[in-house]
């Protein structure tokens, strides 16, 4: 059993195939696609006192930061740590001057869509056909992914107190 994690830190990292690839591939089915955004974004390890338990890749465009990949080790899931990691990412982006945090997921990733809504993201649009030309077929919940559903979170103090979902 993994103990309770109270403090989360985001630590910049250089890509280490053995250390990071297994987690990154849990959130993206294509290593080829992932390599493109690793070159564009910043890889961060999601850590606690016990060490790294997740990874994220953030890509900045002007005053907006997009989460291109985020994954937690299996033993850390379902315990509120994804919510805490999103909070830490939002705090970091806010401190760095970003006004919006965005994230996208496949149109068939029903649990992930619910998670993003619960942690304060709002629907922001659809990238139609995004997965149609993906290097590998993405299938979740028995459904082939076609579109990317986009979500957005404003990074203002008042927006953080008005999150949807449970406290």
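We did not get these values from a lab; they are worked out from the coordinates using the rules stated. Nothing here was measured: the structure is a model prediction, and the numbers come from that model. A quick note on method: Cβ atoms are made from the backbone with ideal geometry, for glycine too, and the neighbour counts reach across all protein chains shown.
Here are a few things to note about the model shown:
- Residues of region 59-76 that are outside any strand (DSSP E or B) and surrounded by fewer than 14 Cβ atoms within 10 Å (Cβ to Cβ): 62, 63, 74, 75.
- Test for residue 21: is it touching a residue at least 60 places away in the same chain (Cβ under 8 Å) and either at negative phi or part of a loop (DSSP other than H, G, I, E, B) (or both): no
- Scanning region 120-129 for residues that are surrounded by fewer than 20 Cβ atoms within 10 Å (Cβ to Cβ) and touching a residue at least 24 places away in the same chain (Cβ under 8 Å) gives 122, 123, 124, 125, 126.
- Across region 24-49, the qualifying residues are those that are in contact (Cβ under 8 Å) with a residue 60 or more places away in the chain and in a helix (DSSP H, G or I), and the one among them that is surrounded by the fewest Cβ atoms within 10 Å (Cβ to Cβ) is 32.
- Among all residues of region 9-16, there is none that is buried (at least 18 other Cβ atoms within 10 Å of the Cβ), within 28 Å of residue 108 (Cβ to Cβ), in contact with a helix residue (DSSP H, G or I) (Cβ under 8 Å, 6 or more places away or on another chain) and in contact (Cβ under 8 Å) with a residue 40 or more places away in the chain.
- Scanning region 87-117 for residues that are crowded, with 20+ Cβ neighbours inside 10 Å, under 15 Å from residue 11 (Cα atoms) and either in contact with a helix residue (DSSP H, G or I) (Cβ under 8 Å, 6 or more places away or on another chain) or without any contact (Cβ under 8 Å) to a residue 24 or more places away in the chain (or both) yields a total of 1.
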